[in-house]
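Worksheet: the structure to be examined is printed underneath.
The values are calculated or read from the model by the stated rules, or taken from the named source; none is laboratory data. Source: prediction; values computed, not measured. Cβ atoms come from the backbone with ideal geometry, glycine included; neighbour counts cover every protein chain shown.
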Amino acid sequence: MLDKIKALVEEVKALSAASAEQAEALRIKYLSKKGAVSALFDEFKNVPAEKKREVGQRLNELKNLAQEKINALKDSFLGKEQNSKAVDVTLPGTSAAFGGRHPLSIVKDDIVEIFSHMGFTVAEGPEVEDDWHVFTALNFPLEHPARDMQDTFFINTNPDILLRTHTSSVQVRTMERQKPPIRAVFPGRVFRNEAISARAHCIFHQIEGLYIAKDVSFADLKQVLLTFAKEFFGADTQIRLRPSYFPFTEPSAEMDVSCSLCGGKGCSVCKGTGWLEILGCGMVDPAVLESNGIDSKEYTGFAFGMGVERIAMLKYQVKDIRLFFENDMRFLSQFKSAF
Ligand code: PHE
């Protein structure tokens, strides 16, 4: 056994390699589980007890020697390969990858900025709400279908705690806090118990607007929304208001903008009509003002609410709403913003 060790020591001392691959082959030959050194360790079991001490020592010396020698051989190549790469100062540097804002954030900020130029402040409210702020204070009749389990995600029933189905709840929270005049927009996330498809999601974003003061009229509403539409979609944009119904506004309307893609001629995006529906609005129902402690004889107001995804889809020609929630870099990296 000692002779074998001695022979291997000599062999190892004389090792040389012409490349990193050869050095690795030597490591396998001597030091891997089936290598020559390991084979001696296996034999060590049969060494008589009185010799174990000396043989063990020599064996360990051999192992250390082999490791050092082979590592040194490997290092000599590693150094060369690295050096030849590391010092090429003519190579172009690797540029850092910059992140960008999410398209929904870009659109939300653009919309909020337009309204802030018209004197609207910004406020937010909770996503988990009670029945009062989402429905009752907004004049929803008790049997209104929006209160139904099919539309609303309930967290608790009796008392009803739920995920807000619209940002109109922040109208109520603002009226509680602030005396008129009120002129504010409320961006936020809303939740509806809907089947997810290319056109609908159970989570989406809205921007709500509320203006309450003395002598606010429907003409004011129309002018504010026209200014917004022209700022956001372009100076040639026209608007159209169609009668509609919401429990908390009277009269109520839905607003269309002229299709910015075909200029109103009719295309696949506006389904040949030349118009795109973008928001709901109306004069705040006097019953809502009274529920929130505002004298409806003294004050009037208007409100509007729009879906951020819907507007982002129109602006960027996105055909599937689910793309906004999948965090796929191939989709997100297409949107760049100034900051
Ligand atoms: N809350 C309404 C919706 O979610 C939109 C709306 C807001 C309509 C304000 C009128 C006034 O559909």
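Quick notes
- If the condition is being assigned to a loop (DSSP other than H, G, I, E, B) and within 16 Å of the ligand (Cβ to nearest atom), then region 254-267 contributes no residue at all.
- Residues satisfying the stated conditions in region 137-153, i.e. surrounded by fewer than 18 Cβ atoms within 10 Å (Cβ to Cβ) and either closer than 18 Å to Asn193 by Cα or not assigned by TED's automatic domain parsing to the domain that holds Phe191 (or both): Glu143, His144, Pro145, Ala146, Asp148, Met149, Gln150, Asp151, Phe153
- Lone qualifier among Ser260, Ser217, Ser244 - being of a type in the set (Ser, Thr, Tyr) and closer than 21 Å to Met175 by Cβ: Ser217
- Val9 vs. criteria assigned by TED's automatic domain parsing to the domain that holds Leu78, in a helix (DSSP H, G or I), more than 24 Å from Leu78 (Cβ to Cβ) and hydrophobic (A, V, I, L, M, F, W, C): yes
- Tally of residues being outside any loop (DSSP other than H, G, I, E, B), among the hydrophobic types (A, V, I, L, M, F, W, C) and surrounded by 14 or more Cβ atoms within 10 Å (Cβ to Cβ) across region 106-136: 8
- Any chance Lys336 is under 22 Å from Gly274 (Cα atoms) and surrounded by fewer than 13 Cβ atoms within 10 Å (Cβ to Cβ): no
- Residue match in region 175-182 (condition: out of contact with any helix residue (DSSP H, G or I) (no Cβ under 7 Å at 6 or more places or on another chain), within 23 Å of Val308 (Cα to Cα) and in a loop (DSSP other than H, G, I, E, B)): no
- Some residue of region 32-40 being closer than 30 Å to Ala184 by Cα and aliphatic (A, V, I, L, M): no
- If you filter region 276-314 down to residues that are within 29 Å of Ala198 (Cα to Cα), more than 9 Å from the ligand (Cβ to nearest atom) and part of a strand (DSSP E or B), you find that the one that is nearest to the chain's Cα centre (by Cα) is Ile278.
- Taken as a whole, the structure leaves Gln171 outside the set of residues that are modelled with pLDDT of 95 or more and closer than 22 Å to Asp320 by Cβ.
- So Ile207, is it assigned by TED's automatic domain parsing to the domain that holds Pro145 and surrounded by 22 or more Cβ atoms within 10 Å (Cβ to Cβ): yes
- In region 186-196, the residues that are surrounded by fewer than 14 Cβ atoms within 10 Å (Cβ to Cβ) and touching a residue at least 12 places away in the same chain (Cβ under 8 Å): Ile196
- For Ala219, the test of being modelled with pLDDT of 95 or more, within 21 Å of Met118 (Cβ to Cβ) and in contact with a strand residue (DSSP E or B) (Cβ under 6 Å, 6 or more places away or on another chain) is failed.
- Verdict on Pro180 being away from the ligand (no atom under 14 Å from the Cβ) and in the same structural domain as Glu127 (by TED's automatic domain parsing): yes
- Among the residues listed as Ala23, Ala17, the single one being in contact with a helix residue (DSSP H, G or I) (Cβ under 6 Å, 6 or more places away or on another chain), under 19 Å from Lys74 (Cα atoms) and not in a helix (DSSP H, G or I): Ala17
- Filter pass, Glu61 being surrounded by 10 or more Cβ atoms within 10 Å (Cβ to Cβ), over 50 Å from the mean Cα position of the chain (by Cα), touching a residue at least 24 places away in the same chain (Cβ under 8 Å) and not assigned by TED's automatic domain parsing to the domain that holds Met329: yes
- Summed over region 206-253, the residues that are more than 22 Å from Ala137 (Cα to Cα), in a strand (DSSP E or B) and either within 11 Å of the ligand (Cβ to nearest atom) or in contact (Cβ under 8 Å) with a residue 12 or more places away in the chain (or both) give a count of 4.
- Filter pass, Val190 being within 16 Å of the ligand (Cβ to nearest atom) and part of a loop (DSSP other than H, G, I, E, B): no
- Of all residues in region 141-169, those that are closer than 19 Å to Arg189 by Cα and within 16 Å of the ligand (Cβ to nearest atom) have Cβ atoms under 7 Å from Cβ atoms of residues that are of a type in the set (A, V, I, L, M, F, W, C) and part of a helix (DSSP H, G or I), 6 or more apart or on another chain, in Thr152/Ala146; Leu162/Val134; Arg164/Val134; Thr165/Val134; Thr165/Ala146; Ser168/Leu138; Ser169/Val134.
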